[in-house]
């Protein structure tokens, strides 16, 4: 397991690094197309570094707020704490903060900078749909993400992909509003850069999503295995995954930027081709082989 975690960390850092480079290049071409010339390099550096730092320090709060998560209180807090405390003791981790999302679709995710600054959020639908063993399996899966140090890099990647999507939209609007024309008026002999920028604008969001998809799929299998090890009941998590995936309702506040954080595809896409999650059937098969 330790080797798998180390391999996952290296692959994850590599993917997030590539996403950071894509973000830098995209900002550079946007700034250049809008007529900022040599300042485009500085603007790209400031925005890409600023986004990375903002993601590091505030990604957890941003992810929780974006998905409508509120701190668990009353019976919700007591029930979740009774389940999570035992899992954390087994994993040798401190208690994460506990959140509930008022959504009928069953799902959950973990976020944070490190095990000492982490949070687990579950939907109301998850609490109402799963039995205790199944819920413990899902919570162990999320604790697995914390134990495997997935949470920071996955959340940072989600925020950065969101930034790439937003900046691409800004670039497309600048072209419509004539921002690129100002650049061409200033330097009509450098049209190749404009073409490269246009291609990057189209393909950067797709490339970032594909990279994040690889990141998410790798970590889900590892978190499933960690959960099975922590609870000793892989069949409970397998049953929970079938119930979660079998519910047709999407999580209403989930988005393309945050979908990879959830235990199962919150968007309920019909095809697995571009899903940030591996097929449920394969995950269930892998879990049942651990019995």
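Which order results if 117, 277, 141 are arranged by neighbouring Cβ count within 10 Å, fewest first? Numbers along the way, then the final one.
Details: 117 15, 277 23, 141 29.
The most exposed by this proxy come first: 117, 277, 141.
Which log10 I(q)/I(0) values, to two decimals, does region 226-269 give at q = 0.15, 0.23, 0.28 Å⁻¹ under the Debye formula with one point per Cα?
-0.45, -0.80, -0.94
Working out 0.36 nm times the residue gap between residue 166 and residue 65, then minus their Cα-Cα distance, what length gain in nm do you get to one decimal? Could you put the intermediate results ahead of the total?
Details: separation 101, 0.36 × 101 = 36.36 nm, distance 1.81 nm.
Computed gain between residue 166 and residue 65 is 34.6 nm.
Obtain the nm distance between the two label points defined at residue 14 and residue 73 by a simple spin-label model: each point lies 7 Å from its Cα along the Cα-to-C-beta direction.
Output for this residue pair reads 4.7 nm.
Return the Rg/Rh ratio of region 69-126 with Cα-based radii and a Kirkwood Rh. Walk me through the numbers on the way to the answer.
Details: Rg = 11.1 Å, Rh = 11.6 Å.
Radius of gyration relative to Kirkwood radius: 0.96.
Checking the a/c ratio against 1.5 first, then a/b against b/c, what shape does the Cα gyration tensor give for region 242-291?
Working: a/c = 2.11, a/b = 1.84, b/c = 1.15.
Prolate.
At a threshold of 8 angstrom on Cα-Cα distance, excluding pairs fewer than six apart, so keeping six or more, what relative contact order does region 82-143 reach in percent? Walk me through the intermediate numbers first.
Working: 93 pairs, mean separation 21.7, N = 62.
35 percent.
Estimate the FRET efficiency between residue 58 and residue 202 by the formula 1/(1 + (r/R0)^6), using the beta-carbon distance for r and 25 Å for R0, to the nearest 0.05.
On the way: r = 29 Å, r/R0 = 1.17.
The value I calculate is 0.30.
Mind pulling up the Rg/Rh value for region 58-177? Radius of gyration and Kirkwood radius, both on Cα. Don't skip to the end; give the middle numbers.
On the way: Rg = 16.4 Å, Rh = 15.2 Å.
Result for region 58-177 is an Rg/Rh of 1.08.
Would you please give the FRET efficiency between residue 82 and residue 104, computed as 1/(1 + (r/R0)^6) with r the Cβ-Cβ distance and R0 = 25 Å, to the nearest 0.05? Present the calculation step by step, with values, prior to reporting the outcome.
On the way: r = 23 Å, r/R0 = 0.94.
The formula returns an efficiency of 0.60 here.
Read the figures in this text as sums done on the coordinates, not as results from a lab. This is a predicted model, so every value here is computed, not measured. Glycine gets a Cβ as well: all are built from the backbone with ideal geometry, and neighbour counts include every protein chain shown.
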